[in-house]
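The values are calculated or read from the model by the stated rules, or taken from the named source; none is laboratory data. Note that the structure is predicted; figures quoted are calculated from it, not measured. Cβ placement follows ideal geometry from the backbone for every residue including glycine, while neighbour counts extend to all protein chains displayed. Heavy atoms of the whole protein, side chains included, go into the accessibility calculation; ligands, DNA and RNA do not. Shrake-Rupley method; radii C 1.70, N 1.55, O 1.52, S 1.80 Å.
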Amino acid sequence: MRLLLIRHGQTPSNVKHLLDTAEPGPALTALGEEQAAALPEALAAEDIGVLYASTLIRTQLTAAPLAARTGLEIRVREGIRELSAGELEMRGDEQAIEAYLTTAFAWSAGDTARRMPGGENGVEALRRFDSVVEEAAGTGAGTVAMVSHGAAIRMWSAARAENIDSAFVAAHELDNTGVVILSGAPGEGWRVVRWEGRALGPEDSVPHTSGPAGEPVEDADG
């Protein structure tokens, strides 16, 4: 199965650099709407057979143009929502963001018993994301698209793909409407075949400080 993990479009909380993970969450900014509208053309070469979004409204709004172009129903699932920030919710200070990402990347490295302050642990986060991926594989679709969230996508990809690790995702950002493309199947393993770290649609004006965009990563572990 070819799995496209797409980060949602820009939100007001993204602009303010806030850890905004609670349901239902904010809608998209004007730029975020433009990013979502650009996805169908950017992904026109992909034969998407099933389309998922999380329970946070920003992913459903991002998926809507894809659904309209493909005629697919958006399957809304809690399992691919953002990693819960717990006690760090709505904070944007450097200490909170570092604690959040350090915990998420520790899960990718195997420390799944570690708990987000006041939130979930890695076992719980991986289990819920895995459940949606397993459901998607059971549909028989050759290509599946999931509109999810930056930390969740980076954490799950590093934990489950055999050719990248937590150090890779820590060094490679995933901007709004960036996409990680994997190939594989539950029980057989996954490989990241492309890491499109920058937006597939219009980009914001924030400078990029880590990780190239559009990078093939077949040999990222070597």
- Message: Suppose a student asked you for the relative contact order of the chain, using Cα pairs under 8 Å spaced at least 6 residues apart; what percent would you report?
- Response: 27 percent
- Message: Can you tell me the convex hull volume per residue for the chain, based on C-alpha atoms, in Å³ to the nearest whole number?
- Response: 107 Å³
- Query: Counting Lys and Arg as +1 and Asp and Glu as -1, each charge on the Cβ, what is the dipole of the chain about the Cα centre in debye, to the nearest 20?
  - Reply: 360 debye
- Using only alpha carbon positions, build the gyration tensor of the stretch 2-127, then give the equivalent ellipsoid semi-axes as the square roots of 5 times its eigenvalues, largest first, whole angstrom. 28, 18, 12
- 1.4 Å probe accessible area per residue over the stretch 1-138, in Å²: 44 Å²
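Output the peptides 167-174, 110-117 sorted from most to least packed, where packing is the average of other Cβ atoms within 10 Å over each peptide's residues.
Ranking the peptides 167-174, 110-117 by packing returns 167-174, 110-117.
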- Message: At 7 Å along Cα-to-Cβ for each site, give me the label-to-label distance between Asp47 and Glu34 in nm.
- Response: 3.4 nm
- Relative contact order, percent, the stretch 1-99 [alpha-carbon distance under 8 Å, six or more residues apart]: 33 percent
- Taking all protein chains as present, what is the carbon and sulfur share of the accessible area of the chain, in % to the nearest whole number, probe 1.4 Å? 48 percent
